[in-house]
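Just so you know, all these numbers are worked out from the coordinates, no wet-lab data involved. All values reported here derive from a predicted model rather than from experimental measurement. So basically every Cβ, Gly included, is an ideal-geometry build from the backbone, and we count neighbours across all protein chains shown.
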Amino acid sequence: MDPFQYQNSELFCEDVSVSALAEEFGTPLWVYSKAKLVHEYQQIQNAFAAVDPVICYSVKANSNLSLLKVLSEQGCSFDVVSGGELYRVREAGADTTKVAFAGVGKTDDEIRFALESDILMFNVESEPELDAISRIAGEMGKVAPVALRLNPDVDGKTHEKTTTGRKGNKFGMDIERHNELADKVLADPNLELRGIHLHIGSPINTTDPYRQAAEKALSVVRELRSKGHQTNWINLGGGFGLNYKNDEAPPASVYAEVIVPIIQEAECRLALEPGRSIAGNSGILVSEVIFVKYEGGKRFVIQDAAMTDLIRPAMYDSFHKLWPVNPSVPAPEDFEVEIENCSLADIVGPVCESSDYFAKGRSFPNVNRGDLLATFSAGAYGTVMSSNYNSRPRGTEVLVDGNEYKIIRRRESYEDLVAHERV
Ligand code: LLP
C-alpha cells in the first residue's frame, strides 16, 4: 500500500495533490498519510496476533503529537527513550501503562517521571541504573517494573552507526550475566522483574538475526524460570526493515513466522518496538529547486531542503528515492540505474557543508528553478533528527486523511529561532 502515487504527472498523497499543499504551505514541507501509518501499524499487529503482542511504536522515529494520537487511537503503545518522549506520549492522551522506557542514561528525574506515569517497564541497561531505579522507587513507595536489556551479541548486518546488538556496543548488559542480574532484582523489594529486552539494530532486512535473538531470549527465560524467577515478557525491540528502494524489507508477517513460534514456546508476552517500519513510508519531504548550476563537469540541483531537515544521507549514506512532484519523465521502478531522458545530478541543500546532499550522481530529469521535488521514505528519522543549523527554520508538517488535511506542526519563524535566547 503506497499512498504516494503519480496521476497524470502529478504526485498525490492519498487524494490530495502535493503541489497544492506546497502552494498553500510553502517548502520545505512534510506530508504524511494517515492511512499508511494506520496500515503499517495494523500489519504488525495482525502478523503477531497469535501471541497478542504489545506494539510499542518507537517514538524516536517520529514524535509528532498528531501521529502519536493516530497510533494511540488504534491501540498502539509506545517505546520512549527520554522524559521528553514520555511527556509527548502523555500529551497525545495515550495510555502510559503499556509504555516501555529504554535508554542507557536515564536521569533521576526521568525515572521519577516514568514511575509517576505507571509505565509497563523500564528496559534497564546497566547495574547502576538498576540501583538508581530501586532507590527512587523506594523513595516513592513504589515497586518498579523492570526488564533486563541484554546484549545478545547478534550481528544484524546493518550500518555501523545503527547496529546495537553486538558485544561491545554501549547498549544493554552482557547476556551471560542474566542470572546474576536477575538474582539482584529478585533480592530487591523495590524492583519487579517483568522480563527481558533485546534489540539488535536497525534496519534489519533479514529474519535470521531475530531468530537468533529470540532463541537466546527463550533459553534465558527458561533458565530464569527454572530458578524460580517470574519472567513473563520478551521484548524484541524494533528494527524491522523499510522499503527505501523497492522490496528489500520483508513484510511483518515474515518476521512473525520466525518470532511467533519461539514466543509461544517461551509462553511469554511479546513486546515489539517498531518505529521506522510504521512511520518511514508514511511521510515525504517536499522541497523546491532554488538553482540549477553546472560546475566541475557536474549538474547540481540546489533545493531548499537540507541536511538540517533530513540528515540520513549525510550521516549514514542512506538512499532515499527522490523525484519531481510534477515530473517530465515518469518515475522509474528502479532509481539506482541510468534512466532514459535523464542525466546525472547531485541533489544538494543550501547548508555550508559538503555532506549536505540528498543524492549524488543520481539519474534525474531536467528540473528548473521553482520546480518541486519529493524525497520519499522520510517519515522516520526525518523531523526528529532535524536541526536549526545555519539558522534554518523547520518547515510545516501536514497530515493527509483521504481528501482532507491539516497542519500538525507549523513552520518555524525567525522569531522562533531566537525565542529561547537572552541578550
Ligand atoms: N528499540 C530500540 C531499543 C532502539 O534502539 C530503536 C532504534 C528502536 C526500538 C526502533 O528501531 P526502528 O524500528 O525504528 O528501526 N537514526 C537512524 C536509526 C536509529 C535507530 C535507533 N534505535 C536512522 O535514521 O536510520
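Can you give the extra length, in nm with one decimal, that the chain gains between Glu295 and Asn326 once fully stretched, where that is 0.36 nm per residue apart less the Cα-Cα distance?
8.6 nm is the gain from fully extending Glu295 to Asn326.
For Phe358, list long-range residues whose amide hydrogen, built 1.01 Å from N in the peptide plane, is under 5 Å from its own amide hydrogen.
Ile347, Val348, Gly349
Debye sum, Cα scatterers, the range 210-278, no solvent: what log₁₀ I/I(0) at q = 0.14, 0.18, 0.19 1/Å?
-0.46, -0.69, -0.75
Along the charge dipole of the chain, pointing to its positive end and built from +1/-1 on Cβ of Lys, Arg, Asp and Glu, which listed residue (Gly297, Gly83, Gln43) has its Cα farthest out?
So the residue we want is Gly83.
Given R₀ = 51 Å, what would the calculated FRET efficiency be for Val143 paired with Asp334, taking r from the Cβ atoms and rounding to 0.05?
0.40
Need one word for the range 63-274: rounded, prolate or oblate. Basis is the Cα gyration tensor (sqrt eigenvalues a ≥ b ≥ c); a/c below 1.5 gives rounded, then a/b vs b/c decides.
oblate
Which lysines, if any, have their Cα less than 19 Å from the Cα of Lys184, not counting same-chain residues under 8 positions apart?
Counting by Cα, and skipping residues close in sequence, Lys184 has these lysines nearby: Lys142, Lys227.
Using alpha-carbon positions, what is the distance between the centroids of the range 61-92 and the range 184-234, in Å?
The range 61-92 and the range 184-234 have Cα centres separated by 25 Å.
Starting from the Cα of Leu344, step 7 Å along the direction of its Cβ; do the same at His420; then give the gap between the two resulting points in nm.
4.2 nm
Over the chain, what is the relative contact order in whole percent, taking alpha-carbon pairs under 8 Å and six or more residues apart?
Taking the mean separation of contacting Cα pairs over the length of the chain, I get 19 percent.
Can you spot the lysines whose alpha carbon is less than 25 Å from Lys360's alpha carbon? Ignore those fewer than 8 places along the same chain.
Partners found: Lys157, Lys161, Lys245, Lys293, Lys298, Lys321.
What are the ³J(HN,Hα) values, in whole Hz, obtained from phi via the Karplus relation 6.51 cos²θ - 1.76 cosθ + 1.60 with θ = phi - 60°, for each residue of the range 391-399 in sequence order, with x given for Gly and Pro?
Per-residue couplings from phi come out as 6, 9, x, 6, x, 6, 10, 10, 10 Hz.
Can you list the residues, at least 5 places off or on another chain, whose amide H is less than 5 Å from the amide H of Trp233, using H built in the peptide plane?
Here the answer is Gly195, Ile196, Arg269, since their amide H atoms fall under 5 Å of that of Trp233.
Over the residues of the range 290-333, compute the C-alpha Rg and express it relative to 2.2 N^0.38 Å.
Scaled against compact globular proteins, the figure is 1.36.
Apply the Karplus curve 6.51 cos²θ - 1.76 cosθ + 1.60, θ = phi - 60°, to the phi angles in the range 333-339 and return the couplings in whole Hz, x for Gly and Pro.
3J(HN,Hα) across the range 333-339, in whole Hz: 6, 10, 8, 9, 10, 6, 10.
Have a look at Ala374, Pro327, Cys342 and report the one farthest towards the positive end of the charge dipole of the range 318-394, computed about the Cα centre with Cβ charges (Lys/Arg +1, Asp/Glu -1).
Ala374
Among all stretches of the chain without exposed trypsin sites (Lys or Arg not before Pro) (DSSP loop, at most 16 other Cβ atoms within 10 Å), which one is longest?
That gives 1-141 as the longest site-free run.
May I ask for the percentage of alpha-carbon pairs in the chain that lie more than 34 Å from each other?
34 percent
Per-residue HN-Hα couplings for the range 3-11, Karplus 6.51 cos²θ - 1.76 cosθ + 1.60 at θ = phi - 60°, whole Hz, x for Gly and Pro?
x, 9, 10, 8, 10, 6, 6, 9, 7
Search the structure for amide H atoms under 5 Å from the amide H of Asn151, placed 1.01 Å from N in the peptide plane, and list their residues when 5 or more places away or on another chain.
Amide H neighbours of Asn151, under 5 Å, 5+ apart: Met173, Asp174, Ile175.
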